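Any read-out appearing in this document is the output of simple, stated calculations on the displayed coordinates, not a laboratory observation. On a predicted model such as this, the values are computed, not experimentally measured, just so you know. When we count neighbours, we look across all protein chains shown, and the Cβ atoms used for this are built from the backbone with ideal geometry, even at glycine.
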Amino acid sequence: MTELHQVRHKNKTLAALLAFLLGGIGAQRLYLGGLRDRGLWAHLAALPLSAAISALWPHADNFYHLLPIIISGLIGCLESLMIGLSSDEKWDARHNPASGRSSDSQWPLAIILVASMMLGAGSLIATMARLFDLLYTGGAYG
């Protein structure tokens, strides 16, 4: 007797939202690839890496302690954009080849992409500004 296996349809809007809100911990990777996704483990490695930096250099500026988490969050915003800007046909070919349904992205995805672009670009500029302040002035401006 054969068992019918129901293939779940992966929603592109949900994946982009997960990347935007929880991309720093790899929630979109867990949703799309499960526990075997190496990108998920790279995102999760930011947490112990931050703890290791804090333990090894306790007197360093807190920015350096949080830098791995900040970078992981910035990558999450970038992944949100990459997910959302892929065409529905390419999305279905990659993530939903046997689901029997086709994706139809609508306006909520556009709102997620705009928010991701705003937060990602603003965070990247702030991160670069703080990094250069610490590297070149020793934190004289903050």
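The C-alpha atoms of the chain occupy a region whose extents along the principal axes are 67, 36, 17 Å, arranged from largest to smallest. Going by alpha carbons, how many degrees (0 to 90, nearest 10) lie between the helix axis of 107-137 and the longest principal axis of the chain? The two axes meet at around 20 degrees.
Placing R0 at 30 angstrom, the Cβ-Cβ distance between ARG38 and ALA129 gives a FRET efficiency of 0.45 after rounding to 0.05.
Among TRP107, TRP41, TRP91, the residue with the largest mean-square fluctuation in a Gaussian network model of the chain, with springs joining Cα atoms closer than 10 Å, is TRP107. Put in order of Cβ neighbour count within 10 Å, fewest first, the listed residues HIS9, HIS43, HIS95, HIS59 become HIS59, HIS9, HIS95, HIS43. Legend: ranking of residues ARG94, ARG130, ARG36 from fewest to most surrounding C-beta atoms inside 10 Å; resulting order ARG36, ARG94, ARG130.
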